[in-house]
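What follows draws every value from the coordinates through simple rules; no lab data is involved. If you're wondering where the values come from, they're calculated on a predicted model, not measured in any experiment. Virtual Cβ from ideal backbone geometry, glycine too; neighbours counted across all protein chains shown.
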Amino acid sequence: MRTCNKCGVEKELQEFTKKKGYKEGRIKTCKTCASVRNRQYYNDNKEKAREWHKNYYHRNKDKITQQRKVYLTNEELQQNLKEYRKVYYTENKEEMRKAHSNWMQKNKEKWNEYQKEYAKRRRRKLKEEILKNKNEYEKN
């Protein structure tokens, strides 16, 4: 047990971020208070934070790309994500529909282009299926 120096509440050791060099290898502020502090800092210094993240990305592009590939190819993670999205959508259907509708209104050109591309892909796929079925029918 350890007491947070910000909120003064005694919490389990897991509630404090690990950091070498500190007593018991943990920082003195609990994760909840640190999260609030970090969010406040970001809101007060948005441009500085964005610039830092942009620079970090450019310095570590290869590392980030590799991590994304590992994440995207992990079947178990993708399955869990798919299940989570399904549950989230069912619980937040109206909000999701409103957000999608707003996006479509703000991005009419992108949406129209997407619709055209989708229609082309769909027609191509249907033609392939018709040809496949026709060939199978002629064989029998």
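Applying a threshold of 8 Å to beta carbon distances and a minimum spacing of six or more residues, or different chains, the list of pairs starting in region 13-26 at a residue that is small (Gly, Ala, Ser) and ending at one that is not in a helix (DSSP H, G or I) reads GLY25/LYS18; GLY25/LYS19. Going by what's in this entry, would ASN5 be described as surrounded by fewer than 11 Cβ atoms within 10 Å (Cβ to Cβ) and either free of Cβ contacts under 8 Å to residues at least 60 places away in the same chain or in a helix (DSSP H, G or I) (or both)? So ASN5 fails the test.
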